[in-house]
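Engineer: Sharing a structure, written as structure tokens. Questions coming.
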């Protein structure tokens, strides 16, 4: 039987980005998964950061809070239970709206 992996986002593993904190969950360093990764991001910035552009696809699931997401030239509302997808090579950025931080589960996967 394949080994099961359980991960708990750890404060010591966090990465800081403009307007957000990222807590790695799964990647090729802590599981046998290759070319995929998952993280919990907490967005506290109310302004859009410089858009991200990746060589892989990226999916998003809003856990809590409210925000906005730009994908290329379109803007979308984010709310708990909302899922989004940004294709590889497309600029995208997220910001929170309201008083609470925006918590989003993010996963990267190959083309």
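The values are calculated or read from the model by the stated rules, or taken from the named source; none is laboratory data. Bear in mind that the values here come from a model prediction, so they are computed numbers and not experimental data. Every residue, glycine among them, receives a Cβ derived from its backbone with ideal geometry; neighbour counts consider all protein chains shown.
Engineer: Hey, can you tell me all the residues within segment 23-37 that are touching a residue at least 40 places away in the same chain (Cβ under 8 Å) and either surrounded by fewer than 18 Cβ atoms within 10 Å (Cβ to Cβ) or over 24 Å from residue 80 (Cβ atoms) (or both)?
Structural biologist: 35, 36
Engineer: Just one of 110, 87, 80 is surrounded by 13 or more Cβ atoms within 10 Å (Cβ to Cβ) and touching a strand residue (DSSP E or B) at 6+ places or on another chain (Cβ under 8 Å); which is it? Steps first, answer last, please.
Structural biologist: Numbers: 110 fails: surrounded by 13 or more Cβ atoms within 10 Å (Cβ to Cβ); 80 fails: surrounded by 13 or more Cβ atoms within 10 Å (Cβ to Cβ).
From the options 110, 87, 80, the qualifying one is 87.
Engineer: State the number of residues belonging to segment 97-108 that are in a strand (DSSP E or B) and within 17 Å of residue 23 (Cα to Cα). Spell out how you get there, then give the answer.
Structural biologist: Taking segment 97-108 as the starting set, the residues that turn out to be in a strand (DSSP E or B) are 97, 102-108.
Now restrict to residues that are within 17 Å of residue 23 (Cα to Cα): 102-108.
Qualifying residue count, segment 97-108: 7.
Engineer: Within 16 Å of residue 110 (Cα to Cα), out of contact with any helix residue (DSSP H, G or I) (no Cβ under 8 Å at 6 or more places or on another chain) and modelled with pLDDT under 95: which single residue out of 60, 26 fits that description?
Structural biologist: Values: 60 fails: modelled with pLDDT under 95.
Among 60, 26, only 26 is within 16 Å of residue 110 (Cα to Cα), out of contact with any helix residue (DSSP H, G or I) (no Cβ under 8 Å at 6 or more places or on another chain) and modelled with pLDDT under 95.
Engineer: Scan (1) closer than 17 Å to residue 18 by Cβ; (2) part of a strand (DSSP E or B); (3) in contact (Cβ under 8 Å) with a residue 40 or more places away in the chain for the single condition residue 62 breaks and write down its number.
Structural biologist: (1)
Engineer: Has segment 13-20 got any residue that is assigned to a loop (DSSP other than H, G, I, E, B) and more than 27 Å from residue 98 (Cβ to Cβ)? Step through it out loud before you land on a result.
Structural biologist: Step one: filter segment 13-20 for residues assigned to a loop (DSSP other than H, G, I, E, B), giving 14, 18-19.
Okay, now just the ones that are also more than 27 Å from residue 98 (Cβ to Cβ), so none.
No, segment 13-20 contains no residue that is assigned to a loop (DSSP other than H, G, I, E, B) and more than 27 Å from residue 98 (Cβ to Cβ).
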